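Following: one structure in structure tokens, then a few remarks.
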Amino acid sequence: MSAADTQAASKAAAPSPDGAAPFLSIRGLTKTYGGHIANNQINLDVYPNEVLALVGDNGAGKSTFIKMISGVLRPTLGSIRIDGREVEMNSPKDARAAGIETLYQNLALVDVFTVQENVFMGRELQRRIAGLVPSLDHAGMRRRTEALFDELGLPKPDMTRPVRSLSGGQRQAVGIARLLLDADVRLIIMDEPMAALGVEESRVVLDFIQRLKERGYAVLIISHNLDHVFQIADRIAILKNGRMIGAVRRDEVEHDALVHTIVGGRLPPHLAHRSAEHLS
Ligand SMILES: Nc1ncnc2c1ncn2[C@@H]1O[C@H](COP(=O)(O)OP(=O)(O)OP(=O)(O)O)[C@@H](O)[C@H]1O
Ligand SMILES: [Mg+2]
């Protein structure tokens, strides 16, 4: 880490709602493609128990940013700290080990498998009755899946239905249950989880994002739908042309002012203190 990074890291990029230490601290995160700077010196803190929305126009650098913190892309420069300790994210496995899980848009579900088969895919429970070869413990997996949906506050479909018969919102819930089955997850990242969903289905997803937060997870969500953002986000971070404009609390910005910030790349004067500029 450079001296400038170290200096930046000693300052807080964003207000914590309750004075808690950030789970994730990003400083100077930069990604270049040839001469193009997709992410330019980004600073951001993510706290436990918050829903943080990442917004910005097409091409602002949102997906690039979350790919770096989920281990899919290597940063060109900058640091990622978890609980104050610098980590290297060379693969999604590293991110997972650090407590960061990402719900990808394709969800990686198998349509003809049931809910419980999808949740347990690749790590099925087995039961061994004395003297017999082990067999799949379907009842055990159903019970565990139902308990998991209850624990997470997820809408509970019939566990024995193939997931192709579920609504888009329910499928997202299955994707989340699968991510959280046995991992020690602290932060869940979602890139446009409502993009392909109708109003009712989006409602399902917005509801369970709220539940996940109530259960102590941090959620970082990219969305173009500002109505959704205002419904669920505690804070909103705005990217423009690869730069972090700032992170504001939902209750201190109006819809129109947020649109102006996204388009114009400047925070309204009363929120200038939320700017991330002084850190880069
Ligand atoms: N593999 C790549 N090679 C070259 N340039 C890239 C690559 N991936 C992204 N970019 C560029 O980096 C910039 C940021 O892209 P990114 O996908 O992060 O934007 P985004 O905010 O997620 O946009 P959208 O809202 O459209 O999903 C864009 O200008 C994009 O063209
Ligand atoms: Mg994107």
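Taking 7 Å steps out from each Cα toward its Cβ at Asp57 and Asp184 produces label points 4.3 nm apart.
Surface calculation, 1.4 Å probe, protein heavy atoms: Lys213 sits at approximately 40 Å² accessible.
If you plug the beta carbon distance of Val112 and His273 into 1/(1 + (r/R0)^6) with R0 = 51 Å, you get a FRET efficiency near 0.45. Exposure check, 1.4 Å probe, all protein chains in place: Val259 carries approximately 60 Å² of accessible surface.
Report the FRET efficiency, 1/(1 + (r/R0)^6), for Thr160 and Ala195, where r is their Cβ-Cβ distance and R0 is 25 Å, rounded to 0.05.
My answer for the efficiency is 0.30.
Using 24 Å as the Cα-Cα cut-off, could you pick out the over-long pairs in Lys213/Lys240; Lys31/Lys213; Lys67/Lys240; Lys93/Lys156? Lys213/Lys240; Lys31/Lys213; Lys93/Lys156, as the Cα separations exceed 24 Å there. For an R0 of 22 angstrom, estimate the FRET efficiency from the Cβ-Cβ distance between Thr76 and Arg266 and round to the nearest 0.05. Once rounded, the FRET efficiency stands at 0.30. Result for the chain in a Gaussian network model with C-alpha springs under 10 Å: among Gly61, Gly216, Gly246, the largest mean-square fluctuation is at Gly216. Positive-end ranking of Leu125, Gln170, Leu181 along the dipole of the stretch 119-195, with charges on Cβ about the Cα centre, is headed by Leu125. Ranking Arg211, Arg235, Arg127 from most to least accessible surface, computed with a 1.4 Å probe over the protein chains only, gives Arg127, Arg211, Arg235.
Can you give the calculated 222 nm mean residue ellipticity of the chain, where each DSSP H run of n ≥ 4 adds -39,500 (n - 2.57) and the sum is split over every residue, rounded to the nearest 500 deg cm²/dmol?
-9000 deg cm²/dmol
Axis of helix 168-180 versus longest Cα principal axis of the chain: the two differ by about 90°, to the nearest ten degrees.
The values are calculated or read from the model by the stated rules, or taken from the named source; none is laboratory data. Here the structure is a predicted model, which is why all the values come from computation and not from measurement. FYI the Cβ positions are ideal-geometry reconstructions off the backbone, even for glycines, and counts take in every protein chain you see. With ligands, DNA and RNA removed, areas are computed over all heavy atoms of the protein, side chains included. Shrake-Rupley method; radii C 1.70, N 1.55, O 1.52, S 1.80 Å.
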